[in-house]
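See below for the structure under consideration.
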Amino acid sequence: MSKQIILIVTSKEDSHADLVIYKLNHRNLQDRVIRLNTEDLWSNTEITSNGSDFDVKIVDSQRIFNSQDVLSVWFRRPKDIEVSHLEEGSQAFIKSQCNALLRGLYFCTHDTAMWVNPLPSLHRARIKLQQLQLAKKLGMKIPKTLVTNNPQEVLNFFEKNPKVCTKSLDEPSFEIDGHIFPFYTRLIDINEVKDNIEGIKICPTLFQEYIEKTYELRINVIGDRIFALAIYSQDNELSRIDFRGLSPANMKQELVEIPDILKKQIFQFVNHQGLVFSAMDFIVTPNNEYIFLENNCNGQWQWVDEVANGKLSEAMIDLLLISKVK
């Protein structure tokens, strides 16, 4: 076999991978797709390297492949390797060794396989401040932004911007006593800032001017295709500030066309980042201005696929069947 394998690196609870694999099977490509769930690496995967390439066996499916056989890799939603059953003192070491082995497999295929998305590009493209800088450089409009651990700078920002919101710089959630809490975009007033001066000194915080919107856009880029979904988040109080506050099923949504100049800027953006997939968030103002918020370079899109009658999942499969451009 030569350059036939579509490798999907993810975890057991990933409905996006389930959907794409189902459709690959429907295209009679089941012999070419292999799913690697990283959390059960030690119990369900056997990997051997001779220093040149890798032989991989997935135990439960009895699928075997060599790294030289890989046509494309979809780096979807891998999870940490599950080692909680092992002695606590050795867990971190074993995780580090397993991760080093996986990185070896990943980068062994990087020069020869199509990656969605390439790992070096993915790590850089996740940085929100770099996203804003690039969007502005390409001519997109962005909100006035401040990131700081200096409380006085925050107070000065409030003097110039009457309505301000805050959001996470990185991870969109935090954990307290084993419970995960999402960190959605929310409005903040100057009194809250004054009450949390010490907290700002400890934790750098992202502030932006809050811009009123008519609706929001989730724009998915898959290869050379763009799918723009309008989300009418202003129809419900729970989704007015951040549309994630409400299930997509409870909001009006529809595929829409966007201006050609914006399409050009979006392709410039993803190409500059070295990406082949993106899930970008914009807002559209009452004056019909398009404002860039952020790019989720490994974002969720299955709910958009449902509105688009399966066009995104088909586009993803088409992308995974492309050979890497030399």
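The values are calculated or read from the model by the stated rules, or taken from the named source; none is laboratory data. Note that this is a predicted model, so its numbers are computed, not measured. Here the Cβ positions follow ideal geometry from the backbone for every residue, glycine too, while neighbour counts run over all protein chains shown.
Out of the range 97-110, which residues are farther than 16 Å from Ile6 by Cβ and in contact (Cβ under 8 Å) with a residue 40 or more places away in the chain? Even if it seems obvious, please write down each step before you answer.
Going residue by residue through the range 97-110, those that are farther than 16 Å from Ile6 by Cβ are 97-104, 107-108.
Once the filter is applied, which keeps residues that are farther than 16 Å from Ile6 by Cβ and in contact (Cβ under 8 Å) with a residue 40 or more places away in the chain, the range 97-110 yields Cys98, Leu101, Leu102, Gly104, Cys108.
Inside the range 252-266, can you point out the residues that are surrounded by 15 or more Cβ atoms within 10 Å (Cβ to Cβ) and out of contact with any helix residue (DSSP H, G or I) (no Cβ under 6 Å at 6 or more places or on another chain)? If the condition is that a residue be surrounded by 15 or more Cβ atoms within 10 Å (Cβ to Cβ) and out of contact with any helix residue (DSSP H, G or I) (no Cβ under 6 Å at 6 or more places or on another chain), then Ile258, Leu262, Lys263, Gln265, Ile266 are the ones that fit.
Yes/no matrix, rows are residues, columns are (1) surrounded by 18 or more Cβ atoms within 10 Å (Cβ to Cβ); (2) at positive phi; (3) more than 18 Å from the chain's Cα centre (by Cα):
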site	(1), (2), (3)
Arg218	yes, no, no
Val221	yes, no, no
Ala228	yes, no, no
His272	no, no, no
Ser278	yes, no, no
Ile291	yes, no, yes
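Against the list (1) modelled with pLDDT of 95 or more; (2) over 18 Å from the mean Cα position of the chain (by Cα); (3) crowded, with 16+ Cβ neighbours inside 10 Å, the condition Asp305 fails is (2). Which residue out of Ile6, Ile21 is in contact with a Lys or Arg (Cβ under 9 Å, 6 or more places away or on another chain) and either surrounded by fewer than 20 Cβ atoms within 10 Å (Cβ to Cβ) or closer than 18 Å to Cys108 by Cα (or both)? Ile6 is the lone residue from the list that is in contact with a Lys or Arg (Cβ under 9 Å, 6 or more places away or on another chain) and either surrounded by fewer than 20 Cβ atoms within 10 Å (Cβ to Cβ) or closer than 18 Å to Cys108 by Cα (or both). When you go through Leu105, Leu101 one by one, which is the residue that is in contact with a Ser or Thr (Cβ under 8 Å, 6 or more places away or on another chain) and crowded, with 18+ Cβ neighbours inside 10 Å? Only one candidate qualifies: Leu105.
Residue pairs whose Cβ atoms lie under 6 Å apart, sitting 6 or more positions apart in sequence or on different chains, and linking a residue in the range 73-87 that is among the hydrophobic types (A, V, I, L, M, F, W, C) to a partner that is surrounded by fewer than 16 Cβ atoms within 10 Å (Cβ to Cβ) and not in a strand (DSSP E or B), are Val83/Gln91; Val83/Ile94. Within the range 287-310, if we keep just the residues that are touching a strand residue (DSSP E or B) at 6+ places or on another chain (Cβ under 9 Å) and assigned to a loop (DSSP other than H, G, I, E, B), the residue that is farthest from Gln130 (Cα to Cα) turns out to be Ala308.
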